[in-house]
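Following: one structure in structure tokens, then a few remarks.
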Amino acid sequence: MNRRQFLAGGLRGAGLVALGGLACDSERPRTGFLGLMERANERFQRALFRPDRLAPELPQEDETPEGEFPAYFISPRVPIAPAGWALTVRGLAARPLTLSLDDLRRLPGTSIRVRHHCVEGWSAVASWQGVRLSEVARLAGIDPRARHVEFRSFDSGYWSSWDLESALHPQTILAYGMNGAPLRPEYGAPLRLYSAVKLGYKMVKYLTEVAFLPSKGGGYWEDRGYEWYAGV
Amino acid sequence: MARPKQPWIVRITHWVNVVLLAIMAGSGLRILGAYPKLGPVGEEYGWYPLQGVEPPAVLTLGGWLAGARHWHFAFAWLFVANALAYAAYLAASGEWRRRLFLPRRDLVNAAGTFLYYLRLRRAPPPQDGIYNGLQRLAYTGVLAIAPLLVLSGLAIYKPVQLPRLTALLGGYDAARVIHLLALLAIALFTLVHVVQVLLHFRTLVEMTAGGRAQEDVP
């Protein structure tokens with residue numbers, strides 16, 4: 001390739017960027033060139049992901065001091081669970097489930113203490129007690145056509161959708177406890193999603209529903225422009 | 001073989017890098033602004049003097065956190081590709097010999113040039129090739145920072161899926177510090193570089209038009 005060909009190719013590329021809807025729009029960053037690169041980055045992240053790679057378990061002394069672990073919700077006040085709360089598990093499942101908190105506590109439990117990574121850049125550590133989502137998926141008998149999982153909440157419609165592989169990771173759990181105590185309302189009581197392999201905004205709190213679906217959904221922050229895959 | 005002082009691949013990758021580095025720095029500073037502290041929550045590092053200070057908006061790109069993140073992760077690949085094209089050219093053409101800092105050739109000259117800048121020496125030492133020793137040291141140093149910038153960025157982006165890299169850099173929060181310090185080092189280099197270029201305007205012409213053919217190409 002000589003200099004002339006190189007420059008001609010570069011000019012053609014720049015023309016395409018200018019004309020072909022490949023603009024960079026900060027207000028709508030999931031469209032245009034930025035959106036194209038988000039999809040490339042999703043492929044990169046999926047290629048890096050290993051279902052059996054575990055985030056390091058941290059010692060208790062690494063836990064963030066009580067009360068300093070940030071607590072985010074979108075409702076104007078801390079959402080409180082409605083009376084008779086239960087989790088619905090539905091979608092491409094042989095046995096759709098309705099699980100009360102007691103039902104969930106009777107399932108084989110687990111506890112993880114891993115670093116939490118927020119999209120804003122901070123990290124914090126807590127231990128989380130609950131049941132693996134893979135265990136709930138097994139009980140519900142999910143169908144091989146299920147490729148994505150949607151999580152809904154009673155926090156003013158906050159929701160998210162995940163790839164199935166991350167949802168079935170052994171460190172992705174439905175948590176009802178934090179640092180050995182029952183989950184408090186500001187951290188997502190009675191039940192929240194917790195995972196070592198996603199950014200914080202993917203971990204829906206105040207859960208009402210888990211749906212195993214064939215296609216990709218959106219989410220509260222995803223629909224506003226944040227990355228969909230958001231793995232760490 | 002005669003070759004201009006700045007061959008065309010060097011000129012193109014240099015100016016592309018100026019644009020890409022500006023995009024990466026601006027979007028990176030906007031991302032930092034979403035949580036302008038260093039250290040895990042509740043254990044912020046005491047030595048960092050700018051805890052809680054947001055970078056000035058005029059230096060940032062992307063408008064908001066999601067916008068800046070998309071800019072950063074989109075253009076990071078172009079930044080890496082451009083750097084690799086430059087590195088491959090340097091290696092394949094032999095240009096590295098007249099550009100990189102080779103201690104046996106350049107150390108004494110670099111020290112002499114430094115003393116000259118400090119006005120502790122009346123005349124600069126005689127220059128060997130296209131750059132003096134201190135220039136070679138600065139250019140090689142900033143090239144060495146680039147991999148650190150990229151690797152620390154990858155560790156922050158994928159701390160769980162790249163566990164060995166993240167551990168090597170001291171963990172997620174340490175990698176964030178390294179990423180910011182690498183940017184600071186490049187910013188300091190750029191500041192000195194721009195002042196020097198303005199003082200020696202011919203170099204700007206050469207980096208744009210190529211400059212006269214040199215017979216000392218290795």
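Yes or no: region A:157-167 includes at least one residue that is over 15 Å from the mean Cα position of the chain (by Cα) and either in a loop (DSSP other than H, G, I, E, B) or within 14 Å of another protein chain (Cβ to nearest Cβ) (or both). If you could, list the steps in order and put the result at the bottom.
In the first step, residues of region A:157-167 are kept if they are over 15 Å from the mean Cα position of the chain (by Cα); the result is A:157.
This time we only want the ones that are either in a loop (DSSP other than H, G, I, E, B) or within 14 Å of another protein chain (Cβ to nearest Cβ) (or both), so: A:157.
Scanning region A:157-167 turns up at least one residue that is over 15 Å from the mean Cα position of the chain (by Cα) and either in a loop (DSSP other than H, G, I, E, B) or within 14 Å of another protein chain (Cβ to nearest Cβ) (or both).
For region A:188-232, what are the residues that are among the hydroxyl-bearing types (Ser, Thr, Tyr) and either without any contact (Cβ under 8 Å) to a residue 24 or more places away in the chain or under 26 Å from residue B:157 (Cβ atoms) (or both)? A:194, A:195, A:201, A:220, A:226, A:229, listed by residue number.
Condition test on residue B:122, is it within 14 Å of chain A (Cβ to nearest Cβ) and not small (Gly, Ala, Ser)?
Answer is no for this residue.
Does residue B:41 satisfy being of a type in the set (A, V, I, L, M), without any contact (Cβ under 8 Å) to a residue 40 or more places away in the chain and not in a helix (DSSP H, G or I)? It is true that residue B:41 is of a type in the set (A, V, I, L, M), without any contact (Cβ under 8 Å) to a residue 40 or more places away in the chain and not in a helix (DSSP H, G or I).
Taken residue by residue, region B:121-130 has no member that is surrounded by 15 or more Cβ atoms within 10 Å (Cβ to Cβ), of a type in the set (A, V, I, L, M, F, W, C) and part of a helix (DSSP H, G or I). Of everything in region A:178-232, what is among the β-branched types (Val, Ile, Thr), away from chain B (no Cβ under 14 Å) and either on the phi > 0 side of the Ramachandran plot or outside any strand (DSSP E or B) (or both)? Give them in sequence order. Answer for region A:178-232, where residues must be among the β-branched types (Val, Ile, Thr), away from chain B (no Cβ under 14 Å) and either on the phi > 0 side of the Ramachandran plot or outside any strand (DSSP E or B) (or both): just A:204.
Check region B:45-62 and report whether any residue there is more than 9 Å from chain A (Cβ to nearest Cβ), out of contact with any Phe, Trp or Tyr (no Cβ under 8 Å at 6 or more places or on another chain), closer than 26 Å to residue B:170 by Cβ and not in a loop (DSSP other than H, G, I, E, B). No, because not a single residue in region B:45-62 is more than 9 Å from chain A (Cβ to nearest Cβ), out of contact with any Phe, Trp or Tyr (no Cβ under 8 Å at 6 or more places or on another chain), closer than 26 Å to residue B:170 by Cβ and not in a loop (DSSP other than H, G, I, E, B).
If you go through region A:204-214 and keep only what is surrounded by fewer than 22 Cβ atoms within 10 Å (Cβ to Cβ) and in contact with a strand residue (DSSP E or B) (Cβ under 6 Å, 6 or more places away or on another chain), you end up with A:208, A:209, A:211, A:213.
Residues in region B:143-164 that are surrounded by fewer than 18 Cβ atoms within 10 Å (Cβ to Cβ) and farther than 15 Å from residue B:80 by Cβ: B:144, B:163, B:164. Residues that are within 27 Å of residue A:122 (Cβ to Cβ), in contact with a helix residue (DSSP H, G or I) (Cβ under 8 Å, 6 or more places away or on another chain) and buried (at least 18 other Cβ atoms within 10 Å of the Cβ) within region A:56-89 comprise A:69, A:73, A:79, listed in sequence order.
For (1) in contact with a strand residue (DSSP E or B) (Cβ under 8 Å, 6 or more places away or on another chain); (2) of a type in the set (S, T, N, Q); (3) modelled with pLDDT of 95 or more, each residue gets a yes or a no:
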{"site": "B:145", "(1), (2), (3)": "no, no, yes"}
{"site": "B:150", "(1), (2), (3)": "no, no, yes"}
{"site": "B:153", "(1), (2), (3)": "no, no, yes"}
{"site": "B:165", "(1), (2), (3)": "no, no, yes"}
{"site": "B:176", "(1), (2), (3)": "no, no, yes"}
{"site": "B:180", "(1), (2), (3)": "no, no, yes"}
{"site": "B:201", "(1), (2), (3)": "no, no, no"}
{"site": "B:209", "(1), (2), (3)": "no, no, no"}
{"site": "B:213", "(1), (2), (3)": "yes, no, no"}
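Can you find a residue in region B:1-11 that is at pLDDT below 95, more than 12 Å from every other protein chain (Cβ to nearest Cβ), touching a Lys or Arg at 6+ places or on another chain (Cβ under 9 Å) and surrounded by 14 or more Cβ atoms within 10 Å (Cβ to Cβ)? Within region B:1-11, one or more residues are at pLDDT below 95, more than 12 Å from every other protein chain (Cβ to nearest Cβ), touching a Lys or Arg at 6+ places or on another chain (Cβ under 9 Å) and surrounded by 14 or more Cβ atoms within 10 Å (Cβ to Cβ).
Restricting A:114, A:125 to residues that are buried (at least 21 other Cβ atoms within 10 Å of the Cβ), within 14 Å of chain B (Cβ to nearest Cβ) and out of contact with any helix residue (DSSP H, G or I) (no Cβ under 9 Å at 6 or more places or on another chain) narrows the list to A:114.
Looking for something over 22 Å from residue B:43 (Cβ atoms), within 14 Å of chain B (Cβ to nearest Cβ) and assigned to a helix (DSSP H, G or I) - is there at least one such residue anywhere in region A:138-147?
Checked against the condition, which is being over 22 Å from residue B:43 (Cβ atoms), within 14 Å of chain B (Cβ to nearest Cβ) and assigned to a helix (DSSP H, G or I), region A:138-147 yields no hits at all.
Among residues of region A:155-176 that are under 17 Å from residue A:217 (Cβ atoms), those with a Cβ under 6 angstrom from a residue that is assigned to a loop (DSSP other than H, G, I, E, B) and basic (Lys, Arg), sequence gap 6+ or separate chain, pair up as A:164/A:147.
Selection of region A:22-57 for residues being among the small types (Gly, Ala, Ser) and outside any loop (DSSP other than H, G, I, E, B) yields A:32, A:35, A:40, A:47. Checked against (1) surrounded by fewer than 22 Cβ atoms within 10 Å (Cβ to Cβ); (2) part of a strand (DSSP E or B); (3) away from every other protein chain (no Cβ under 13 Å), residue A:108 passes all but a single condition, namely (2). Could we say that residue A:227 is under 11 Å from the mean Cα position of the chain (by Cα) and farther than 18 Å from residue A:132 by Cβ here? Yes; evaluated as a whole, the condition is true for this residue. Counting the residues of region B:33-44 that are at the interface with another protein chain (Cβ under 7 Å from one of its Cβ atoms) and within 16 Å of residue B:63 (Cα to Cα) gives 2.
Residue B:199 passes every criterion in (1) surrounded by 13 or more Cβ atoms within 10 Å (Cβ to Cβ); (2) out of contact with any Pro (no Cβ under 7 Å at 6 or more places or on another chain) apart from (1).
With respect to residue B:76, determine if the residue is more than 21 Å from the chain's Cα centre (by Cα) and of a type in the set (A, V, I, L, M).
Taking the combined requirement at face value, the residue does not satisfy it.
The values are calculated or read from the model by the stated rules, or taken from the named source; none is laboratory data. Remember, predicted model here, so these are calculated numbers, not experimental data. All Cβ positions, glycine included, derive from the backbone under ideal geometry; neighbour counts span all protein chains shown.
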